[in-house]
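Trainee: Provided herewith is a single structure, encoded as C-alpha cells, for subsequent inquiry.
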Amino acid sequence: MHPTERLKGIATFVAVAEAGSFTAAAQRLNLTNSAVGKAITRLEERLGSRLFERSTRRLRLTDAGHAYRQVCVQVLEDLEAAERVLASDDAVPSGRLRVDLPATFGRLRAWPALLQFAGMHPQVMPHVSFTDRFVDLVEDGVDVAVRIGGADNHVWPAALDHRTLGYEELIFCAAPAYLDIHGAPASGADLLDHAAVLYGRADGSTAPWLIRAESGPVVRQPMTGRAVLGNAEALVGAVEAGLGVAQLATWLVARQIAEGRLVALLPQLTTQGLPLHIVWQRSRSHAPKVQALIAHLAATLHIDA
C-alpha cells in the first residue's frame, strides 16, 4: 500500500472520535453524514478492525479505536508541525511536545528545567510522563526523553539519537543520629560492618555497593540490606531516619548533606555511576520544539551535585 493511502480517513476518524457522533463531525468537516460514515467504514475495512461501537443511542470507541486514535492524533500533529517548519525559516517552537522523564531525577532536576522551558516558549504544550520504565520512544510517541543509564549492550536503536551529559557520582552517606550510635567507618572494609540501606530492583534483586579499592578497580560488593526500597526518595528517607548507610547519587542527596541531615562518608571512595542521556526520535530532530528542548536540557541539566 502506498504511504499516502494510509492517511486517508485519519482526519475524519479523529473528528468523529472527538465530536462523539457522525453528525457533529460532519458539521465540523463541512461534509455530509453519509460521506463521514462511508469514510469510517472504508477505514475499518482497510484496517480489518472495528474502531467504533455503534448503537441507536451512542457512538463510542472500541479498545482498538482508542489505540488507533492516539497514533492518529500524533500523526496529524507531526504533519501540522512539519507544515509550520516549511512555512517559515525562523519557525517558533510550538505544538504538543511529548517528554518522558525518570521518576525521581525527573521530578527533582528535569521538571524545573522543563517549567523554565515552557515559560520561554508559550506556544509549546508539554505532555510529560514520569516513569522508571524503559519506554520505547517510537512506540509510545515520545519526542524527547531523559534517561539515566545507557542502551542495551551500549547500542542505540537506529531510530534514536542521543547526547550524553555526564555520569552520576556515587557517595556513601548516613544520618548523624546513626553515626552517633555506630560510629563513622574509617575505610571501605569498615563499611561492610555497617547496616546497609539498599535499592531494590523490580526483579527482586538489590543493587550492590561499588567500593573503590585503594589501589585497584571498583569492586561490586553484594550486601544484605537492613532495608531494601524500590524508590530513590524513600531510600533517602530511610537513611535520614537512621536505618543505616547507603550509596547514593550526589544529585539525590546534595540538599540533605548541605542542610546537615546527612553526612558524606569516605570521600575517597566516590565512584562513577550511570550516565545521563537526552534521547530523541531521529525523525523529529528537525522540529523547532525538539531542537529547542534538547539545547535547553543540555544547558541546564547537571547530574552531579
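Trainee: Please go through the range 13-53 and give me each residue that is assigned to a helix (DSSP H, G or I) and basic (Lys, Arg), ordered by number.
Mentor: ARG28, LYS38, ARG42, ARG46
Trainee: Would you check which residues across the range 227-261 are more than 21 Å from LEU276 (Cα to Cα) and touching a Ser or Thr at 6+ places or on another chain (Cβ under 7 Å) and list them?
Mentor: The answer is VAL228, and nothing else.
Trainee: Of (1) touching a Pro at 6+ places or on another chain (Cβ under 6 Å); (2) more than 24 Å from ARG133 (Cα to Cα), PRO208 satisfies all except one. Which?
Mentor: Going through (1) touching a Pro at 6+ places or on another chain (Cβ under 6 Å); (2) more than 24 Å from ARG133 (Cα to Cα) one by one, PRO208 breaks only (2).
Trainee: Shifting gears a bit: Enumerate the pairs (first residue in the range 134-147 and surrounded by 14 or more Cβ atoms within 10 Å (Cβ to Cβ); second residue anywhere and at pLDDT 85 or above and among the polar types (S, T, N, Q)) with beta-carbon separation below 6 Å, excluding pairs fewer than 6 apart on the same chain, so at least 6 apart or on different chains.
Mentor: LEU137/GLN281
Trainee: Of all residues in the range 227-268, which are in a helix (DSSP H, G or I), closer than 22 Å to HIS302 by Cβ and aliphatic (A, V, I, L, M)?
Mentor: Restricting attention to the range 227-268, the residues satisfying the condition of being in a helix (DSSP H, G or I) are 232-240, 250-258, 267-268.
Cutting the leftovers down to closer than 22 Å to HIS302 by Cβ gives us 232-233, 235-236, 250-258, 267.
Across the range 227-268, the qualifying residues are ALA232, LEU235, VAL236, LEU252, VAL253, ALA254, ILE257, ALA258.
Trainee: Of the conditions (1) at pLDDT 90 or above; (2) surrounded by 14 or more Cβ atoms within 10 Å (Cβ to Cβ), GLN116 satisfies every one except a single condition; which number is it?
Mentor: Answer for GLN116: the failing condition is (2).
Trainee: Restricting attention to the range 23-70, which residues are in contact with a helix residue (DSSP H, G or I) (Cβ under 9 Å, 6 or more places away or on another chain), under 30 Å from ASP143 (Cβ atoms) and among the aliphatic types (A, V, I, L, M)?
Mentor: ALA25, LEU29, ALA39, ILE40, LEU43, LEU47, LEU51, LEU61, ALA64
Trainee: Please work out which one of (1) touching a residue at least 12 places away in the same chain (Cβ under 8 Å); (2) of a type outside the set (S, T, N, Q); (3) part of a helix (DSSP H, G or I) is the condition LEU97 fails and give its number.
Mentor: Among (1) touching a residue at least 12 places away in the same chain (Cβ under 8 Å); (2) of a type outside the set (S, T, N, Q); (3) part of a helix (DSSP H, G or I), LEU97 violates only (3).
Trainee: Same structure again: How many of the residues in the range 212-229 are closer than 18 Å to GLU168 by Cα and at pLDDT 90 or above?
Mentor: 1
Trainee: Looking at (1) over 28 Å from THR270 (Cβ atoms); (2) in contact (Cβ under 8 Å) with a residue 60 or more places away in the chain; (3) not in a helix (DSSP H, G or I), which is the one condition that is false for HIS127?
Mentor: That leaves (2) as the condition not met.
Trainee: Also, I was wondering about something else. Quick check on my filter: what residues within the range 272-305 are surrounded by fewer than 17 Cβ atoms within 10 Å (Cβ to Cβ) and either assigned to a loop (DSSP other than H, G, I, E, B) or touching a Leu at 6+ places or on another chain (Cβ under 7 Å) (or both)?
Mentor: Hits for the range 272-305 are ARG282, SER285, HIS286, ALA298, HIS302, ASP304, ALA305.
Trainee: Can you report the number of residues in the range 54-68 which are over 21 Å from LYS8 (Cβ atoms) and either part of a helix (DSSP H, G or I) or of a type outside the set (S, T, N, Q) (or both)?
Mentor: Of the residues in that region, 4 qualify.
Trainee: Return the total of residues in the range 156-167 being over 17 Å from the mean Cα position of the chain (by Cα) and assigned to a strand (DSSP E or B).
Mentor: Result for the range 156-167: 2.
The values are calculated or read from the model by the stated rules, or taken from the named source; none is laboratory data. Every value quoted in this text rests on a predicted model; they were computed, and no experiment measured them. Neighbour counts are summed over all protein chains in view; Cβ atoms, including those assigned to glycine, are modelled from backbone coordinates with ideal geometry.
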